[in-house]
Amino acid sequence: MMAASCIAASELLHNIKLIAYQKASCVLIRRISTSTLQCSSQPLVKAESALQQLVGVVGLEIHAQIRSSTKLFSGSSVRFLAPPNSLVSFFDASLPGTLPVLNRRCVEAAVMTALALNCTINKKSLFDRKHYFYADLPAGYQITQQRRPIAVDGLLTYSFLGGKKGNQVIRKNVHIKQIQLEQDSGKSLHDDANSQTLIDLNRAGIGLMELVMEPDMSCGEEAAAAVRELQLILQALGTCQGNMSEGQLRVDANVSVHRPGEPLGIRTEVKNINSIRYLARAIDFEIQRQTDVVQRGGIVQNETRSYDSKSGETVPMRDKEGLQDYRFMPEPNLPPLIVFEDNASLPAGIDVCQAVVVQTIKEGLPELPSIKRDRLVQAYSILPEHSFTLVNEDGLMEYFEAVMKSTKKESRKVIGWVTNELLGLLKQQDMSVSQR
């Protein structure tokens, strides 16, 4: 009897340990899946079930406001924080009889961006009307490039710090499906106190580049690193100031989960994320939310969501319209957009000053972030992770090079002081080098 009790007690203790181990394994798996530092490249626990092998799939649509003194199709000025409706032409307000006139600067900016992103530039691209009705779109349609955009098939190489100690530079690629020119809409200002919505058309007609990134990313950290690299490239080119707080760079994330080897899952779109930090958090939350839904046997809804930075969660906005009929049609008031490879390809009678020539723009490309990092490593014998920090922190590379010119200290001592003491002090004050 006593022996049987001992055996039963031993089995009970074994079961308790087994349950505790299983719970601990679940906690470990959950930590791996939600960590923004490990993404999907982190090996999973061997004992996990098939339901726990879901991985995130992330694609991005990025709207970059072109740095130009005037709008895409009108002569109205572009200025942030101007009085409401003070920068609106007759065309911007869609008054009858007004016609679009293409801004050459916006075309050159798109070509320059396409070259920096290794895109194929279409020598002939087309404009289309995308019809939808909203109060801040007075024409009832947006002029965009649906059928044949100005550039396709690009590649962006981005880096982020990873590894066990977080100091290993990891490089990855994301494919650029296309870059298209389009006009921005106005802005709706919701006055909840008086139950009304006010419309400001200052932003209506500003030139945008829409960059579509293929779903080659797997977590928030990768998406954030890709957007940061794009932001640095645009700022180096001068084609977009990239200030996300002013709406100059707006990101929509398409997120889904699936098991490797199976078709992609149903995606949700997280709209208008205006911070790189929030982008990473929104994507990681959405991946975990969808994983939980699938593991419970539910179905992920094809919907549009927004990110609530206070709660750290995504919340539904509206159901996706599915195959909504935007009634795309060719823009009848704009001829095909033609760019030329070089001066030799210009037809007789074309003014060189009025043409967009790819070779001329290519010759004027500045030093891009990836080239800057390689140059810093070679010139100052610093580690790749240090060059990554110098280039990615606003104003830090210029400060480091200025210090090196004014001191006889070794570069490794200067880089140690800059990346540790200086950056640490600035972060305590919530400042950047450019604000000094």
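Here are the numbers for the structure shown:
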{"item": "The range 89-173: radius of gyration over Cα atoms, expressed as a fraction of 2.2 N^0.38 Å", "result": "1.63"}
{"item": "Two-decimal ratio, the range 259-321, of alpha-carbon radius of gyration to 2.2 N^0.38 Å", "result": "1.14"}
{"item": "Helical segments meeting 30 Å axial Cα length and Kyte-Doolittle 0.0 threshold in the chain (DSSP H)", "result": "2-34"}
{"item": "Relative intensity, log₁₀ I(q)/I(0), of the chain from a Debye sum that treats every alpha carbon as a point, q = 0.08 Å⁻¹", "result": "-0.56"}
{"item": "Environment charge at L334 (Cβ cut-off 14 Å; Lys +1, Arg +1, Asp -1, Glu -1)", "result": "+3"}
{"item": "Where a label projected 7 Å from the Cα of L365 along Cα→Cβ would reach, residues of the range 101-138 with amide N under 17 Å", "result": "108-123"}
{"item": "Rh by Kirkwood over Cα pairs, then Stokes-Einstein D for the range 283-436 at 1.567 mPa s and 4 °C, µm²/s", "result": "59 µm²/s"}
{"item": "Cα convex hull volume per residue for the range 151-297 (Å³)", "result": "171 Å³"}
{"item": "Convex hull volume per residue for the range 160-211, taking Cα atoms only, in Å³", "result": "173 Å³"}
{"item": "Net +/- balance of residues flanking C219 in space, Cβ distance below 13 Å, scoring K and R +1, D and E -1", "result": "-3"}
{"item": "Sulfur and carbon atoms: percent of accessible area, the chain [1.4 Å]", "result": "53 percent"}
{"item": "Å³ per residue enclosed by the Cα convex hull of the range 211-267", "result": "91 Å³"}
{"item": "More than 19 Å apart - percent of Cα-Cα pairs taken over the range 262-364", "result": "65 percent"}
{"item": "Unit charges at the beta carbon, dipole of the chain: most positive-side option, L87, I170, L181", "result": "I170"}
{"item": "Heavy-atom SASA rank of R104, R67, R305, R277 (probe 1.4 Å, accessible area, largest first)", "result": "R277, R67, R104, R305"}
{"item": "Globularity ratio of the range 75-228, using Cα Rg and 2.2 N^0.38 Å", "result": "1.28"}
{"item": "Of V152, I382, N392, farthest towards positive along the dipole that unit charges on Lys, Arg, Asp, Glu beta carbons give the chain", "result": "I382"}
{"item": "Along each principal axis, Cα extent of the range 237-291, largest first, Å", "result": "41, 21, 14"}
{"item": "Nearest-20 debye value, the chain charge dipole, Cβ charges on Lys, Arg, Asp, Glu", "result": "980 debye"}
{"item": "Accessible surface, per residue, of the range 295-436 when the full set of protein chains is kept, probe 1.4 Å, Å²", "result": "65 Å²"}
{"item": "Highest-MSF residue in the chain out of L99, L232, L137 [GNM, Cα springs under 10 Å]", "result": "L99"}
{"item": "Whole-percent pair-distance distribution, where bins are 10 Å wide, for the alpha carbons of the range 307-381", "result": "12, 18, 16, 23, 25, 7, 0"}
{"item": "For the range 74-167, size of Cβ-based charge dipole, Lys and Arg +1, Asp and Glu -1, in debye", "result": "340 debye"}
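The values are calculated or read from the model by the stated rules, or taken from the named source; none is laboratory data. This structure is a prediction, so every number in the text was calculated from the model and none was measured. Heads up, the Cβs are rebuilt from the backbone with ideal geometry, glycines too, and the neighbour counts pull from every protein chain shown. Heavy atoms of the whole protein, side chains included, go into the accessibility calculation; ligands, DNA and RNA do not. Shrake-Rupley method; radii C 1.70, N 1.55, O 1.52, S 1.80 Å.
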